[in-house]
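The block underneath contains the structure these notes are about, expressed in structure tokens.
FYI, it's all coordinate maths here, none of it is from the lab. Keep in mind it's a predicted model, so treat the numbers as computed, not measured. In this analysis, Cβ positions are derived from the backbone assuming ideal geometry, glycine residues included, and neighbour counts consider all displayed protein chains.
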């Protein structure tokens with residue numbers, strides 16, 4: 001009898017979607033309101049991955065320091081971002097076709113991202129991807145978020161899946177570190193927003209293209 005297919009848990013930013021340009025646009029609107037110069041795309045790419053509060057904090061620190069009322073600035077950024085046409089965020093090559101292939105093969109799939117839940121769902125629905133994911137967890141869905149393994153384990157608990165039956169797929173130290181801490185196998189993508197070379201993340205497999213995931217997943221499943 002063949003082994004059951006592994007549950008697949010995906011990161012979002014830098015894994016499925018190329019979100020940095022839209023995030024930069026929204027962050028620069030906020031900074032402009034505070035009389036600050038804008039940040040560049042490479043700067044924003046290094047700011048992504050630790051949740052919205054850390055993103056906004058890094059934006060202010062890079063342009064002169066924290067504002068007097070950071071909480072108000074954070075709330076304002078969330079409003080700007082939620083009102084943006086983020087459903088049109090570009091996806092990486094091969095993502096639509098590969099998600100459809102994995103879903104058709106029978107994999108249970110989920111999202112585990114440090115992005116807030118509301119914009120995450122908006123993006124997935126706008127791109128037509130929501131139907132593929134049985135569970136979606138944002139950075140505000142649990143008391144902890146990546147790299148804390150509790151974030152990933154919380155997703156698996158919602159699915160009724162054991163850690164040994166899952167694979168985490170992402171682009172950053174938060175994704176792979178979270179998987180390692182949770183005892184979950186992992187696949188790192190060589191593109192995305194990692195500040196550490198993908199080959200040094202400690203993942204079980206490394207792929208350069210999203211379309212190569214089915215083969216990497218099959219390879220891990222044979223172990």
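Angle of helix 20-33 to the longest C-alpha principal axis of the chain, folded into 0 to 90 degrees and rounded to 10: 20°. Evaluate the Kirkwood expression for the hydrodynamic radius of segment 1-120, namely the inverse of the mean inverse distance over all pairs of different C-alpha atoms, and round to one decimal in Å. Across segment 1-120, the inverse of the average 1/r is 15.9 Å. Computed over segment 135-205, the percent of Cα pairs more than 13 Å apart is 60.
Rounded to the nearest 0.05, the FRET efficiency derived from the C-beta distance between residue 61 and residue 29 at R0 = 22 Å is 0.80. Quick one: Debye curve from the C-alpha atoms of segment 87-215, no solvent, what's log10 I(q)/I(0) at q = 0.15, 0.22 Å⁻¹? Debye output, listed in q order: -0.69, -1.64. Taking each residue as 0.36 nm, the span from residue 144 to residue 40 lengthens on full extension beyond its C-alpha to C-alpha distance by 34.5 nm. By how many degrees, between 0 and 90 and to the nearest 10, does the Cα long axis of helix 70-83 differ from the longest principal axis of the chain? Result, in degrees: 60. Note on the chain: helix-only mean residue ellipticity at 222 nm, from DSSP H runs of 4+ residues weighted -39500 (n - 2.57) and normalised by residue number, equals -13000 deg cm²/dmol. From largest to smallest, the equivalent ellipsoid semi-axes obtained for the chain from the alpha-carbon gyration tensor read 31, 17, 16 Å.
Result for the chain in a Gaussian network model with C-alpha springs under 10 Å: among 69, 171, 208, the largest mean-square fluctuation is at 69.
Against the chain, whose longest principal axis is taken from its Cα atoms, helix 149-159 shows a tilt of about 60°.
In terms of its Cα atoms, segment 20-87 spans 32, 23, 21 Å along the principal axes, sorted from long to short.
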